[in-house]
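Here's the structure we're looking at; comments come further down.
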């Protein structure tokens, strides 16, 4: 993604965030026609009419003309305003890494000063990123020691158990889900319980010391809590973020009030992407602390 600016003869280019290079007109045209310009933001001083026509013919995302009457402050604002809509415009010239990096910069500008616990913030920022919602930052709950237990579990290569396949798809590390297992389907048909709840029973022998990730089904989280209360399982940590208006908030409050090490998101919000994001944050923390 490129933004091409030219300055009138009476205006000198200034140091503005996002403007990486100052090129002559010849260099500018060479940059456009001679090499890929996806990561170049050239600025040209006193561009000719012919060059303007050639630039416009390239159908560039933005061309900004700076006139002599503009002052330095207005100049910076003009360039930043020109940069803003193009930063997020997704096209063939925008890389995934660039979008992600820019997204985290926006999140950090709003949130990072509020948190002293860097490990908790690493989880929060990824959950906010996955949800696109700053408001959830204040709804995220960490039980004492939950992050440390999650990190240690990843270092031990503990199993990651998810309630649905969508959660598995979003997790960076290996994860398992039994919702389509024939045994799960048979148990569901014989008991009338939800498949997500039955899948937890099918995997019950693998749940102790594991990382359990619930991003969709409150009935799965309820079953995890029940098995913990019955002392049948003892997971390393439970990431409980089921979403919805029926049972989700209640199951999460039950988790928070329990003695189970957990990370959760209060209320009806949550979902597979948010649960996977919290899991991935723990996985990254485990790798960075090695």
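The values are calculated or read from the model by the stated rules, or taken from the named source; none is laboratory data. Since we're looking at a predicted model, the values are computed, not measured. All Cβ positions, even for glycine, are placed from backbone atoms using ideal geometry, and neighbour counts span all protein chains on display.
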Any chance you could count how many residues in segment 263-290 are in contact with a strand residue (DSSP E or B) (Cβ under 7 Å, 6 or more places away or on another chain) and surrounded by fewer than 21 Cβ atoms within 10 Å (Cβ to Cβ)?
1
What do you reckon, is residue 251 under 20 Å from residue 194 (Cβ atoms) and either outside the structural domain of residue 205 (by TED's automatic domain parsing) or touching a helix residue (DSSP H, G or I) at 6+ places or on another chain (Cβ under 6 Å) (or both)?
yes
Are there any pairs, at least 6 apart or on different chains, whose C-beta atoms fall under 8 Å, with the first in segment 99-116 and farther than 15 Å from residue 136 by Cβ and outside the structural domain of residue 128 (by TED's automatic domain parsing) and the second outside any helix (DSSP H, G or I) and at pLDDT below 85, and if so, which?
99/88; 99/90; 102/88
Which numbered condition in (1) modelled with pLDDT of 80 or more; (2) surrounded by 12 or more Cβ atoms within 10 Å (Cβ to Cβ); (3) more than 18 Å from residue 274 (Cβ to Cβ) is the only one that residue 107 fails?
(3)
Need a quick list: helices (runs of 4 or more DSSP H) entirely within segment 164-275 having at least 1 residues that are within 17 Å of residue 131 (Cα to Cα) and in contact (Cβ under 8 Å) with a residue 12 or more places away in the chain.
165-170, 248-257
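Quick grid of which residues meet (1) buried (at least 18 other Cβ atoms within 10 Å of the Cβ); (2) within 17 Å of residue 280 (Cβ to Cβ); (3) at pLDDT 50 or above:
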site	(1), (2), (3)
59	no, no, no
75	yes, no, no
86	yes, no, no
96	no, yes, yes
151	yes, yes, yes
Any residue in segment 133-140 that is outside any helix (DSSP H, G or I), within 17 Å of residue 276 (Cα to Cα) and in contact with a strand residue (DSSP E or B) (Cβ under 6 Å, 6 or more places away or on another chain)?
yes
Kindly provide the set of residues from segment 237-254 that are within 24 Å of the chain's Cα centre (by Cα) and surrounded by 19 or more Cβ atoms within 10 Å (Cβ to Cβ), ordered by number.
237, 238, 239, 240, 241, 242, 243, 248, 249, 252
Within segment 177-193, residues being in contact with a strand residue (DSSP E or B) (Cβ under 8 Å, 6 or more places away or on another chain) and surrounded by fewer than 16 Cβ atoms within 10 Å (Cβ to Cβ) number 0
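Here is a yes/no grid of residues against (1) at pLDDT below 95; (2) buried (at least 21 other Cβ atoms within 10 Å of the Cβ); (3) more than 25 Å from residue 103 (Cα to Cα):
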{"site": "117", "(1), (2), (3)": "yes, no, no"}
{"site": "120", "(1), (2), (3)": "yes, no, no"}
{"site": "127", "(1), (2), (3)": "no, yes, no"}
{"site": "143", "(1), (2), (3)": "no, no, yes"}
{"site": "154", "(1), (2), (3)": "no, yes, yes"}
